[in-house]
Amino acid sequence: MRLALSVLLFSASMAVYADGQATFTTNNAQVPTMTFTWQDVDRGRLDAPGQPAHVLAIDGKAWGVANVAGRPVTLDLEALANMLGSNNGLANLGPDTIVPTRITALEATGRSETVAGIEGEVYRVSWEDNKGQARIDEAVLTGDPTVREMQAALIKGMARAMARDTGVSTEEGAERELERRGLAVLRFAEDYRLESIRGDRQPDEKFALPGKPLDLQRMMRGLTGG
């Protein structure tokens, strides 16, 4: 699944984090557009248009917030993954998942491209995936501080919280290489494209849990009559 690559591949670190919101498109027909909202690096939120649920990352822990019977409920994603087992969609991205292990070369093409109103430089990216396959793609990279901040929050806050709680593995080699170069991604092939981004204060209520997490084991016992 190329979404795993395009969303989780790149990040860069900043000494100071602020707040902001970004929208990006992917090649995933089920979730072609996503919005990521962040508050420093430790609070993040992922929303998809038309979906009655969103994901929160709070201090390294991942939560789902879903609409059940007309009211919002909190889901512990780690408990959900454990209950469904190691072969579920949360803990296993599937045999076709492509995850980068390392970038082997970054070659500037000399071309520029403007994405989300930000001018970036076009690179040929040579990388190796988790199956040992060498790959080459085109990416538009930037040193823009807000984009770097967003992607650091996306990886260091959101993606790592989800990896810890759902078992989805992430590789950090590619991330470290771009961090070392002070770069972040505006576009990666046709898999990921930043559509808009702004750095402004986000309200605390966007990151609030509606209540205690749903007791999934109790709910399943009720459904099965156990």
(request) Quick one: which residue in 62, 79, 29, 22 is at pLDDT below 95 and part of a strand (DSSP E or B)? (result) 62
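Being small (Gly, Ala, Ser) and either at pLDDT 95 or above or part of a strand (DSSP E or B) (or both) narrows it down to one residue among 139, 152, 159; which is it? Steps first, answer last, please.
On the way: 152 fails: either at pLDDT 95 or above or part of a strand (DSSP E or B) (or both); 159 fails: either at pLDDT 95 or above or part of a strand (DSSP E or B) (or both).
Of the residues listed, the single one that is small (Gly, Ala, Ser) and either at pLDDT 95 or above or part of a strand (DSSP E or B) (or both) is 139.
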(request) Return the total of residues in the stretch 32-51 being without any contact (Cβ under 8 Å) to a residue 60 or more places away in the chain and assigned to a loop (DSSP other than H, G, I, E, B). (result) 5
(message) Any residue that is outside any strand (DSSP E or B), more than 16 Å from the chain's Cα centre (by Cα) and at negative phi - is there at least one of those in the stretch 52-59?
(response) yes
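Report the residue count in the stretch 188-198 for those that are modelled with pLDDT under 95 and crowded, with 18+ Cβ neighbours inside 10 Å. Steps first, please.
Taking the stretch 188-198 as the starting set, the residues that turn out to be modelled with pLDDT under 95 are 188-192.
Cutting the leftovers down to crowded, with 18+ Cβ neighbours inside 10 Å gives us 188, 191-192.
Residues flagged as modelled with pLDDT under 95 and crowded, with 18+ Cβ neighbours inside 10 Å within the stretch 188-198 amount to 3.
Out of curiosity, is residue 116 more than 17 Å from the chain's Cα centre (by Cα), within 15 Å of residue 35 (Cα to Cα) and small (Gly, Ala, Ser)?
On the way: more than 17 Å from the chain's Cα centre (by Cα): yes; within 15 Å of residue 35 (Cα to Cα): yes; small (Gly, Ala, Ser): yes.
Criteria met by residue 116.
Criterion first (modelled with pLDDT of 95 or more and either at positive phi or in contact with a Gly (Cβ under 9 Å, 6 or more places away or on another chain) (or both)) does residue 86 satisfy it? Let's see the steps before the verdict.
Numbers: modelled with pLDDT of 95 or more: no; either at positive phi or in contact with a Gly (Cβ under 9 Å, 6 or more places away or on another chain) (or both): yes.
Answer is no for this residue.
The values are calculated or read from the model by the stated rules, or taken from the named source; none is laboratory data. Just so we're clear, the structure is a prediction, and the values are computed from it rather than from any experiment. Every residue, glycine as well, gets a Cβ built from its backbone with ideal geometry; the counts of neighbours run over all protein chains shown.
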